[in-house]
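Data block below; observations after.
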Amino acid sequence: MDPLFFAIFLGVLHGADPGRGWLFAVYSYVLTKDRGKALLTLSALWGGHSIGIMATYLAAAPLLGLRHLAAAAVASLSAVPLIHGKLNPHGLARPWSRTSFLAISSALAGFAHGGGLVLAAICGLSPWAYLAHVFSVYLTSGIMAAVFAKSLTALKKIYINFDYLYAATGVATAIYLVAGLG
Amino acid sequence: MARLTPDPTLYPTVRDAIKSPPEDVAYVAALHVGTGVEEPDFLAVVDTDPKSDAYGEIIYKLQLPYIGDELHHFGWNACSSAYCPNARPFLERRYLVVPGLRSSRIYIVDTKPDKRRPTIYKIIEPQAAVEKSGYTKYHTVHCGPDAIYISALGGPDERGGPGGILVLDHNTFEPLGRWEVFRGPQYYAYDFWWNLPAGVMISSEWTTPECFEEGFSPECLRAGKYGHRLHVWDLDKRKHLYAVDLGEEHRMVLEVRPLHDPTKLMGFVNVVLNTRDLSSSIWLWFSEDGRWHAEKVIEIEAQPSEGPLPPPLKDLKMVPPLATDVDISLDDRFLYVSLWGLGELRQYDITNPHQPRLAGRVKIGGIYHRAPHPSGAEASGAPQMITVSRDGRRVYITNSLYSSWDNQFYPELRGWLAKIDVDPDGGMTLDKSFFVDFGRARAHQVRLWGGDSSTDSFCFP
């Protein structure tokens, strides 16, 4: 699989997920009718996430040589959102949380959820892959927020539990690593 | 495991909740406490599907294992706040959290797999919750932004206070402890709800168990022991910010009902008794310039009466309206007020919340009106607990207030559940064909399948 394509695929997946932040941007718009504030909220969440996975990227570097260890880490970390979501569907943030807190909690989540590790496993430590990934997250989540700011009713139809998708991606990546297909 | 798709009874917006399919089943808290019948309280399942053969009938009674719980209010484990941006809607709206107001026991009732045959999933015995929280006499349940919140009216000795709020883990239902980090001057509790965008909780005041368990007490009233304030709390820091005093004469501040549209920072609350003229009043609480205020927007007068009066009112020769419950339709268009003294349910158009306009009235029971049900059935007691359907077209009412108060104002009260049809433009009529007789048991709060107007908080209008 082309690493750049995979980086973009992960970015679109993450950016589309209503549970990963852009709903906060819609919420901000619904309450204030201020597009600037909504964009600021979206950017703060995106910024936090980007820093979080950058940190994972760097922390993961030594792991990448040890394929089996990396595979185990990838598979288990990808399941974290699924378990965490069952134990605590509300996360750290609250509807009234301030933008600065959203950025920080997003960074923490970005670091802890292993997405950066999945990215590194397929793409290596390529700066292009990282940039392609964070750019596609920003673009996708921005489009989702803009579309759903008009009406959230359709949310019920498209909203599936992405945590299962992340876990599946993690398992697939782990298999890829172990099978040495790279 | 978490669901793959959202629970269909959780709604992203208020509008979706209004458009959702109507309720086919209702749960009713029914009690024997105070009736002289030595049997446990029960949760009744009532068929509310007009196409069903059993429409308007109790189709099942979930008998509880203990006598003396005093079922009162109850709530769901999950609600539409799961669509708030910090949460996800992949949990099930499945369990009813049913506290005992007298026993301080908490039942977790499972409505799956068969909503018509709910079962007891878990019992949280009084010692567990009381030890963890220091509170007794559990009253109102709300599914919160991070846990399940329950209001408590008593302190550890079960007689005095302070009352407050305890929190349950929303997965295991284990009591986590007291919610307040800093309570300030708050001592009395009753109901509470929040405004999520502002990060604020509003709580109200009834009194402590020593002034309600044996009945309404004129001594307690004279001693100033029925509350007259609203409290404003920081939801995040869990601390008391300030109190809003409605005035010394406005006693028993009860049901806190925010508008459902989260962009509106306001709501209503009822005051049962004005000590000067025995009137009831409805107040609008609202945020202005970053501070919360309250103003009286409806006043309902007591009526003189030469007829037979119950013991608490005999010397007064007046029937106070006793507005004991309020509820708001999901579209924030109509406010419903029950007058447990007079025997009326009123509907106010609150399109302008500062100036409610009377839009409909229904008379049934009451010390003053004594109106029978249109089916001809005798209606003892009067409208008390109000439950408005999600589409706003039906209002369910029951007639019990509290065991000992029922006995004072309406000795020999027999429980009933009636249904009112609402005209979309305003106006209401009692449905002649729907009258559920609970016999000697008393009926209290009603919860509709899929949620109703006082179960869910929304982040999106």
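Where strands (runs of 3 or more DSSP E) sit wholly within region B:379-448, those with at least 3 residues that are touching a residue at least 24 places away in the same chain (Cβ under 8 Å) and among the β-branched types (Val, Ile, Thr) occupy B:385-388, B:394-398.
Taken as a whole, the condition of being more than 26 Å from the chain's Cα centre (by Cα) and either within 30 Å of B:Leu259 (Cα to Cα) or among the polar types (S, T, N, Q) (or both) applies to B:Glu288.
Scanning region B:311-331 for residues that are of a type outside the set (A, V, I, L, M) and crowded, with 21+ Cβ neighbours inside 10 Å yields B:Pro320, B:Pro321, B:Thr324, B:Asp325, B:Asp327, B:Ser329.
Screening region B:189-247 for strands (runs of 3 or more DSSP E) wholly inside it with 2 or more residues that are open to solvent by 40 Å² or more (accessible area, probe 1.4 Å) and out of contact with any Leu (no Cβ under 8 Å at 6 or more places or on another chain) returns the ranges B:239-245. The lone criterion from (1) open to solvent by less than 50 Å² (accessible area, probe 1.4 Å); (2) of a type in the set (D, E, K, R); (3) out of contact with any Gly (no Cβ under 9 Å at 6 or more places or on another chain) left unmet by A:Arg94 is number (3).
Yes or no, residue by residue, for (1) touching a residue at least 24 places away in the same chain (Cβ under 8 Å); (2) within 14 Å of chain A (Cβ to nearest Cβ); (3) surrounded by fewer than 23 Cβ atoms within 10 Å (Cβ to Cβ); (4) of a type in the set (D, E, K, R):
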residue	(1), (2), (3), (4)
B:Val25	yes, no, yes, no
B:Thr35	yes, no, yes, no
B:Pro50	no, no, yes, no
B:Glu57	yes, no, yes, yes
B:Tyr66	yes, no, yes, no
B:Phe74	yes, no, no, no
B:Phe90	yes, yes, no, no
B:Leu101	yes, no, no, no
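Listed by first and then second residue, the pairs with beta-carbon distance under 6 Å, at least 6 apart or on different chains, first residue in region B:253-272 and open to solvent by less than 10 Å² (accessible area, probe 1.4 Å) and assigned to a loop (DSSP other than H, G, I, E, B), second modelled with pLDDT of 95 or more and among the acidic types (Asp, Glu), are B:Glu255/B:Asp191; B:Glu255/B:Asp325; B:Val256/B:Asp191. Among the residues of region B:333-357, those that are surrounded by 20 or more Cβ atoms within 10 Å (Cβ to Cβ) and in contact with a Pro (Cβ under 8 Å, 6 or more places away or on another chain) comprise B:Leu335, B:Ser338, B:Leu339, B:Trp340, B:Gly341, B:Leu342, B:Gly343, B:Glu344, B:Leu345, B:Tyr348, B:Ile350.
Scanning region A:118-152 for residues that are out of contact with any Phe, Trp or Tyr (no Cβ under 9 Å at 6 or more places or on another chain) and at the interface with chain B (Cβ under 10 Å from one of its Cβ atoms) yields a total of 1.
Does B:Asp47 qualify as being among the charged types (D, E, K, R) and within 23 Å of the chain's Cα centre (by Cα)?
Yes, satisfied.
The values are calculated or read from the model by the stated rules, or taken from the named source; none is laboratory data. For clarity, every value in this text was computed on a predicted model and none was experimentally measured. Cβ atoms come from the backbone with ideal geometry, glycine included; neighbour counts cover every protein chain shown. Side chains included, ligands, DNA and RNA excluded: accessible areas come from the protein's heavy atoms. Shrake-Rupley method; radii C 1.70, N 1.55, O 1.52, S 1.80 Å.
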